[in-house]
Amino acid sequence: MLVMAPDIHRHPSEEELECYSMRTMSEQDLSLFEEHLLICEPCRERVAASDAYFRAMVQASQLLQDRGESVVETWKMPRFAIAWAMALLVVVVGATLWITRIRPEASAFAVQLQTTRGSVVGAKAPAGRPLVLDLDMAGLPAAPSYRLEMVDSLGARVWQGTLPAGSTQVRLGAEAAGAYYVRVYSTSGELLREYGLQVSR
């Protein structure tokens, strides 16, 4: 059984990527793995490539099954059919690698978050760009870590993560336009602080 080391800053192994793409990762490891993905762009690209490879293999297997043959019986298929399935696999994987590794990613936008009162939304950021949130943590009680979450204007959670003691920055992916609230909780679940964020086109 695969067990990940409890460190969200460690890059996952190829075996862990494969387990994630095949949906065979344990709930505990899945939570840690996805927390790492929230802060690591290169690993999100690795996951995208791994997912594309897995989907291509599933599609190739499904193609064989639709023809009434199993993967084990591929030697019975005409050579042109095997070549077609392999060419499809190469095209899908190649296109995914090109998109995730060659395409330039939008640079991250830094946002300074200050405590808000009522429904006032203070900080502003552009839609479609990764965000680096710098939280004002002054005056909060000392703790080994804090739990963070971001909710939309209706209160639906769109992101959650952790912030180690001594750190004030967290990296998020691109968000759609709208009003958001970033909340800081103690490890016991007490709401300590809330920040407003307006994402605009």
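The values are calculated or read from the model by the stated rules, or taken from the named source; none is laboratory data. All values reported here derive from a predicted model rather than from experimental measurement. Glycine gets a Cβ as well: all are built from the backbone with ideal geometry, and neighbour counts include every protein chain shown. Surface areas here come from the heavy atoms of the whole protein model, side chains and all, with no ligands, DNA or RNA. Shrake-Rupley method; radii C 1.70, N 1.55, O 1.52, S 1.80 Å.
Spin-label pair Asp51-Ala177: with each label point 7 Å from Cα along the Cα-Cβ axis, the two points sit 2.5 nm from one another. Take the Cβ atoms of Ala142 and Ser26, set R0 to 30 Å, and the FRET efficiency comes out at 0.40. The apolar share of the surface of the stretch 147-201, taken as the fraction of accessible area on carbon and sulfur atoms (1.4 Å probe, ligands and nucleic acids excluded), comes to 45 percent.
Put a dot 7 Å past the Cα of His11, heading toward its Cβ, do the same for Val90, and the two dots end up 2.8 nm apart.
Highest mean packing first, where packing is the average number of other Cβ atoms within 10 Å per residue, the peptides 158-164, 135-141, 15-21 line up as 15-21, 158-164, 135-141.
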